[in-house]
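The values are calculated or read from the model by the stated rules, or taken from the named source; none is laboratory data. Only a predicted model underlies this, so the values are computations on that prediction, with no experimental measurement involved. Positions of Cβ are generated from backbone atoms using ideal geometry, with glycine treated the same way; all protein chains shown enter the neighbour counts. Surface areas here come from the heavy atoms of the whole protein model, side chains and all, with no ligands, DNA or RNA. Shrake-Rupley method; radii C 1.70, N 1.55, O 1.52, S 1.80 Å.
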Amino acid sequence: MAHGGETSRLCSRKWRIRATHCALLHIFNTFYLEPFRAAWSKCQESRRKSRRLHSTLWGMHLTDTTAPAATGSRDTSFFGHPRGLAILFFTEMWERFSYYGMRGLLILYLTQHFLFSDERSAVMYGAYTALVYVMTIIGGTLADRYLGQRKAVTFGAILLCLGHFGMAFEGSGSTEYVVTADERIEVLDEGRGSNRQLFVEEDGALKRMVFASTGDIQILDTDDRDDEPTATVARTIPVANYETEIVRQGLYTNILYFSLALIIAGVGYLKANISTIVGALYEFDDPRRDSGFTLFYMGINLGSFLSSITCGILGIVYGWAWGFGLAGIGMLAGLVVFIWGQKYLDGKAEPPAPEKLKESFLGPINVEMACYLAGLGIIAVAMAIVMNAEIIPDGFVGGLGVVLFIALVAYTFATMKGTERNRMFAAIYFVLAQIPFWALFEQAGSSLNLFTDRLVDKTMFGVEVPAPVFQALNAGYIVIFAPILAWLWIALAKRKLEPSTPVKFAVGVFLAGLGFLSLVAGISASGAAGLTAVYFIFLIYWVHTMGELMVSPVGLSAVTKMAPARVVGMTMGAWFLYSGLSNYLAGVIARGTGAETIGGQITDVVAAKATYASVYTNVGYVAMGVGVLMLVISPIIKSWMKTDEISHPGMADELQASGHN
């Protein structure tokens, strides 16, 4: 999406020249790469600066891809693109397949299999997704300076395979007991998702356990397995007369933590670097470059869409191990594709100084081995944080964000003046402006997933759809509405009516809040204890996707444009750190929606619905208020941005590809 009417005019001629390219590529090209085309018109005067920049960057792998390729005919084996793009397309597709397949099941797995409380599960989930973004800084740095992308991606893919397959080792699950003054009753369970049912064994017979609207436990006189059981209530245990006790399998709980840490480290080594290889396959002024990234983005959305459906169905209907196992098979397929196809990368992803990797780092450990051992350090730190996420003070995480903000502002005042300082302030603004959006948007995998599973009527055409499947809506909506919105920007730009980047950000944040208010309307319409209609889930995902299309395609591009070349690495490091903080904040918000459960089932539906409605209403209004405030100050931010000039061409593609996908 272009930034301002002037930018769109600069892009329009290029766009028309390339319009004869494949129609499908044209559609996706408009959405994903429009933010960067304005910068390309200035690439010739900036290429020399870009080469100097590479040596100063830290925290992100931003390899200079502007050097001319060897003379000779260009490789056009894959739909007119280099064969290496096919390898990267399928590698990233399978990596995203594994990531989103596991992500859709994770919160349900934590609450139903391991019987963690809603609150603890939400914070664990938030810590996990936060670390995924933060660790890309370390993985990108190691690849940029030492390993090269090929070795980093391979190592990351291996860690991901181990992590995903580790998730399939589930054990028999945790056991919950209802403890009264006179007895200790073991709670038995069958099924997953909204099909989960609870039982107790009494007098040698299995009997169904359900909950009254007050939270009292009701034990029926049979094992009635109907969704709405009609068996007689044999006895009732008042909510005030019992407590619960949970016994977990220590081995399998630690396997869970270790597997999540492996995935965190694997994404850290793979995600940022595979995007960089795509850019390295082309000369910077290669006219196929933008459509190459278009194909790559298609792989990301295809993997996300397919995994949410397939892993979601297998995991809920047939068993957790089936869903996580399929995610692991997907990642293994990606690893096999990448190893087999490395020969088609034409040496574009090799270490910057191969001889340095053989140098001694510490005794018998050389530099290359030290880079891999750093992964073990990431795993250890990530495992410790995920294990203890609930005891990390919220003030510590918030304080970290405040300290980083003060440091960025102080550095800007101390080292910059005039237009350069204003543009850096604009970059800092966009780094911060992403927080409210992602904190709400990332409820999709946590609180919204639990809400959909527990309190939504998911029956469609006579079939009950598992809750994780609905996470495919985001990828599907992107495919449908991204080109429509992009065409709208082009049409508005021709009339000098296209909103500026700060305005788009403001609208995106506003829509994040509006989405939750639309869901609250559905909650209210369903009564105190009724199930919410499924079309409200379609609605909130649509509203949030439209907000994402306002924020995600322009955020990274705007930061790379505004930050001076000498500090763009630092600024992008801040971007990903704040992305991580946004995901952790999402976990904190989700924690507030936590309901009382036994065996992973809500004990008081009325109280749970009221809690969801209250939290979603509050965050909805806050986000909408923040969006309005951002809209009010958008002229100031636009004035800080001054010219729409990018200081370091070739980076925007790579950064966008390693962003919030």
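Note on region 82-176: enclosed helices (runs of 4 or more DSSP H) holding 2 or more residues that are within 18 Å of the chain's Cα centre (by Cα) and farther than 14 Å from Val267 by Cα are 83-108, 118-142.
Quick grid of which residues meet (1) among the small types (Gly, Ala, Ser); (2) in contact (Cβ under 8 Å) with a residue 60 or more places away in the chain; (3) closer than 11 Å to Gln434 by Cβ; (4) touching a Phe, Trp or Tyr at 6+ places or on another chain (Cβ under 9 Å):
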site	(1), (2), (3), (4)
Gly547	yes, yes, no, yes
Leu556	no, yes, yes, yes
Lys561	no, yes, no, no
Pro564	no, yes, no, no
Val567	no, yes, no, yes
Thr571	no, yes, no, no
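The residue of region 582-601 that is most open to solvent (accessible area, probe 1.4 Å), among those that are of a type in the set (A, V, I, L, M) and assigned to a helix (DSSP H, G or I), is Leu585. Could you tell me whether any residue of region 345-355 is farther than 22 Å from Tyr578 by Cα and touching a strand residue (DSSP E or B) at 6+ places or on another chain (Cβ under 9 Å)? Checked region 345-355: no residue is farther than 22 Å from Tyr578 by Cα and touching a strand residue (DSSP E or B) at 6+ places or on another chain (Cβ under 9 Å). Do we find that Val187 is touching a residue at least 60 places away in the same chain (Cβ under 8 Å), part of a helix (DSSP H, G or I) and touching a Gly at 6+ places or on another chain (Cβ under 9 Å) in this structure? Here the answer is no, as Val187 does not meet what is asked.
Would you please name the residue that is farthest from Leu302 (Cα to Cα), looking only at residues in region 84-125 that are among the hydroxyl-bearing types (Ser, Thr, Tyr) and in contact with a Phe, Trp or Tyr (Cβ under 7 Å, 6 or more places away or on another chain)? Checking each candidate, the answer is Tyr109.
Please find, within region 170-221, the residue that is surrounded by the most Cβ atoms within 10 Å (Cβ to Cβ) out of those that are within 14 Å of Val233 (Cβ to Cβ) and among the polar types (S, T, N, Q). That would be Gln218.
Taken over region 356-410, the criterion of being outside any helix (DSSP H, G or I) and within 25 Å of Tyr257 (Cβ to Cβ) is satisfied by Asn388, Ile392, Pro393.
Which members of region 501-544 meet the condition of being among the polar types (S, T, N, Q) and either open to solvent by less than 20 Å² (accessible area, probe 1.4 Å) or assigned to a helix (DSSP H, G or I) (or both)?
Thr501, Ser518, Ser524, Thr532
If only residues of region 421-464 that are free of Cβ contacts under 8 Å to residues at least 60 places away in the same chain and outside any helix (DSSP H, G or I) are counted, the one that is farthest from Pro502 (Cα to Cα) is Gly462. Is it the case that Val134 is under 22 Å from Ile391 (Cα atoms) and in contact with a Lys or Arg (Cβ under 7 Å, 6 or more places away or on another chain)? When the stated conditions are applied, Val134 does not pass them.
Among the residues of region 143-158 satisfying the criterion of being open to solvent by 10 Å² or more (accessible area, probe 1.4 Å) and either in contact with a Gly (Cβ under 8 Å, 6 or more places away or on another chain) or among the hydroxyl-bearing types (Ser, Thr, Tyr) (or both), which is nearest to Thr452 (Cα to Cα)? Once the filter is applied, the top-ranked residue is Ile158.
When Thr611, Thr643 are checked against the criterion of being at pLDDT below 95 and either within 30 Å of Thr244 (Cβ to Cβ) or among the polar types (S, T, N, Q) (or both), Thr643 stands alone in meeting it.
For region 451-500, a residue qualifies if it is of a type in the set (S, T, N, Q) and surrounded by 18 or more Cβ atoms within 10 Å (Cβ to Cβ), and the qualifying residues are Thr452, Gln471, Asn474, Ser500.
Could you please find all residues in region 338-355 being outside any loop (DSSP other than H, G, I, E, B) and closer than 14 Å to Val153 by Cα?
Correct list: Phe338, Ile339, Trp340, Gly341, Gln342, Leu345.
Taking the numbered list (1) out of contact with any helix residue (DSSP H, G or I) (no Cβ under 6 Å at 6 or more places or on another chain); (2) free of Cβ contacts under 8 Å to residues at least 60 places away in the same chain in turn, Val543 passes all entries but (1).
Residue-by-condition table, conditions (1) touching a Ser or Thr at 6+ places or on another chain (Cβ under 7 Å); (2) of a type in the set (Ser, Thr, Tyr):
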residue	(1), (2)
Leu88	no, no
Trp94	no, no
Gly101	yes, no
Leu106	no, no
Tyr109	no, yes
Asp118	yes, no
Ala127	no, no
Leu131	no, no
Gln149	yes, no
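For region 191-225, a tally of residues being without any contact (Cβ under 8 Å) to a residue 12 or more places away in the chain and either closer than 25 Å to Ile107 by Cβ or small (Gly, Ala, Ser) (or both) returns 2.
For region 258-289, a residue qualifies if it is aromatic (Phe, Trp, Tyr) and either outside any helix (DSSP H, G or I) or open to solvent by less than 10 Å² (accessible area, probe 1.4 Å) (or both), and the qualifying residues are Tyr269, Tyr282, Phe284. Within region 229-253, no residue that is among the aliphatic types (A, V, I, L, M) sits with its Cβ atom under 7 Å from a residue that is loosely packed, with under 11 Cβ neighbours inside 10 Å and modelled with pLDDT of 95 or more at 6+ positions apart or across chains.
Put simply, of Ser614, Ser552, Ser579 the only residue that is out of contact with any Leu (no Cβ under 8 Å at 6 or more places or on another chain), open to solvent by 10 Å² or more (accessible area, probe 1.4 Å), closer than 30 Å to Phe116 by Cα and not aromatic (Phe, Trp, Tyr) is Ser614.
Consider Phe430 carefully, then state whether it is modelled with pLDDT of 95 or more, of a type in the set (A, V, I, L, M, F, W, C) and under 29 Å from Val588 (Cβ atoms). No.
Flag not set for Ala130, criterion: buried (at least 21 other Cβ atoms within 10 Å of the Cβ) and closer than 30 Å to Asp216 by Cβ. The residues on offer are Ala333, Ala327, Ala384, and the sole one that is surrounded by fewer than 16 Cβ atoms within 10 Å (Cβ to Cβ), within 24 Å of Met135 (Cα to Cα), modelled with pLDDT of 95 or more and within 23 Å of the chain's Cα centre (by Cα) is Ala384.
Taken over region 461-481, the criterion of being more than 15 Å from the chain's Cα centre (by Cα) and under 19 Å from Arg196 (Cα atoms) is satisfied by Gly462, Val463, Glu464, Val465, Pro466, Ala467, Val469, Phe470. In this structure, does Met624 turn out to be open to solvent by 10 Å² or more (accessible area, probe 1.4 Å) and not acidic (Asp, Glu)? Judged against the criteria, Met624 is a match. Every condition in (1) at pLDDT below 95; (2) buried (at least 18 other Cβ atoms within 10 Å of the Cβ) holds for Gly315 except the one numbered (1).
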